[in-house]
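Visitor: One structure is given below, represented as structure tokens, and several questions about it will come after.
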Amino acid sequence: MLIKDNMAVKYSKTEKTPDMVYIDYGATIFKKEALQFVPANSRYGLEDLFVHLIDMKQMLALEVGDRFYEIGSPQGLRDFEEY
């Protein structure tokens, strides 16, 4: 993710560029109005919604300086336990 002035300006899980130095912590708060962009009765990923909101300049981002500990793998869990 690329953040400028507390705004998310670029987001992709697959097309990363060197200026994208932030990750998605997985904690997101939406205004209920954002859900109007999610099509009914079809698959629609959060990445699609994020990109749409970024294009509309409607996605704020909070920069967190603390390390993120993923616990979805044995190594990640060990790292967290060591912390």
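Visitor: Can you run down the residue pairs with Cβ atoms below 7 Å, 6 or more apart or on separate chains, where the first is in region 1-29 and within 14 Å of ILE54 (Cα to Cα) and the partner is open to solvent by 60 Å² or more (accessible area, probe 1.4 Å) and assigned to a loop (DSSP other than H, G, I, E, B)?
Guide: Listed by first residue and then by second, the contacts come to MET1/TYR22; MET1/ILE23; LEU2/ASP19; ILE3/TYR22; ILE3/GLU63; MET7/LYS57.
Visitor: Run down ILE71, ILE29 and say which single residue is of a type in the set (A, V, I, L, M, F, W, C), modelled with pLDDT under 95, touching a helix residue (DSSP H, G or I) at 6+ places or on another chain (Cβ under 7 Å) and not in a helix (DSSP H, G or I).
Guide: ILE71
Visitor: Consider region 39-83. How many of its residues are aromatic (Phe, Trp, Tyr), surrounded by 10 or more Cβ atoms within 10 Å (Cβ to Cβ) and either closer than 14 Å to MET1 by Cα or free of Cβ contacts under 8 Å to residues at least 40 places away in the same chain (or both)?
Guide: 4
The values are calculated or read from the model by the stated rules, or taken from the named source; none is laboratory data. Being a predicted model, the structure only gives us computed values, none of them experimental. Neighbour counts run over all protein chains shown; Cβ positions are idealised from the backbone, glycine included. These area figures cover heavy atoms from the full protein model, side chains too; ligands, DNA and RNA do not enter into them. Shrake-Rupley method; radii C 1.70, N 1.55, O 1.52, S 1.80 Å.
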